[in-house]
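So the structure is just underneath, and the comments pick up after that.
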Amino acid sequence: GFRPEDHPEPLVADFPRDEVGKLAREFDAYVQRLAAFIKREQTFTADVSHELRTPLTIIEGAGEILLDDPGLSKARRSRVERITRSAREMSELVTALLLLAREEKSNESESGCSVGKVLQQVVEGHQHLLRHKSIEIKLDIGAETTLPVECPLLRVVLANLIRNAFSYTERGRVCISLKENGVTVEDTGIGIPPEKLRQVFDRYYTGQSGGEGIGLSLVKRICQRYGWHIAIDSDGRGTRIQLTFASG
C-alpha cells in the first residue's frame, strides 16, 4: 500500500506519452507536492516544539522565582501568578497540539493515565477562577479509571470542561463526577441557548459572554482520536457535559 512517508519511484517512465502517460505525470507531480507538504509539516512541528516550548519554560521559571520573593506586593504577586499560570497552560496546549499532529501515539499511552489524578490536578489548578464567587464544588472520584492515552491530551479535555464550568457559573454549584466509563461536569451557570448547542464544537465558536464553547473544538478532536463520545445538555439554567470513554 501507499503511505505518506513512502518515497515511490516516478510512474512516468513506465508509460508512453499518451493520455495514460499524462495521467502518470500528473500523479507524480501530485505525489511530489504531497511529499513536500509532509516535509514542511514535519519541519514546522519540530520548530514549534523548540521555538515555543523553550521561551515558555523560561517565562514559567522566571515567574516561579519572582513568586519566591517575600517583598512582592499582593497586586504584583497576582499578576505574576497569572503570567506563570498562562505560560504553563500554553506549554500544555503546545504539547497537546504536537501530539495531535502526530499520526502515531506516544509511548506514554502504553503506561496509562489515571483519570482521577488528572481530574484532581485540573480542579486544583483552576481554583483562581472561583475567587469572589459563591460556588460549591463537588468532586466525586467514584472509580480508579486508568486509560491508555497521552496524559497531556486527557488534561486538555478535562481542563476545558472544568474551566468553562468555573468561568460561567457565578453562584450555585459545579458537580464533577468520575465513573468507570466517563466523566460528568454539571453546573448552574449561564447555560447555552438551544439554538447554539450544535455550534459549540465549531472552531472559534464563542457563546454569550464568551460562552462555554471555548476550546470545545479541540476537545472534539481529542475525543475523535480516542473514540470517546461527548454530549452537552443545557436548559438555560446550567449545563451538563457527559464525556464517555470508549469501551474495550
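Below, the figures for the structure above:
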{"item": "Listed pairs LYS179/LYS220; LYS39/LYS196; LYS39/LYS117; LYS22/LYS220; LYS39/LYS179 exceeding 32 Å between Cα atoms", "result": "LYS39/LYS196; LYS39/LYS117; LYS22/LYS220; LYS39/LYS179"}
{"item": "With all protein chains modelled, accessible area of PHE37 [1.4 Å, Å²]", "result": "100"}
{"item": "Sites ARG76 and ASP233 - FRET efficiency at Förster radius 45 Å, r taken between beta-carbons, to 0.05", "result": "0.60"}
{"item": "Using a Förster distance of 51 Å, the FRET efficiency for ASN181-ARG25 (Cβ separation, nearest 0.05)", "result": "0.45"}
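The values are calculated or read from the model by the stated rules, or taken from the named source; none is laboratory data. What you are looking at is a predicted structure, and each value in this text was computed from that prediction instead of being measured. Cβ sites come from the backbone with ideal geometry, for glycine too, and all protein chains shown count toward neighbours. Please note that ligands, DNA and RNA were not included when accessible areas were found on the heavy atoms of the full protein model with its side chains. Shrake-Rupley method; radii C 1.70, N 1.55, O 1.52, S 1.80 Å.
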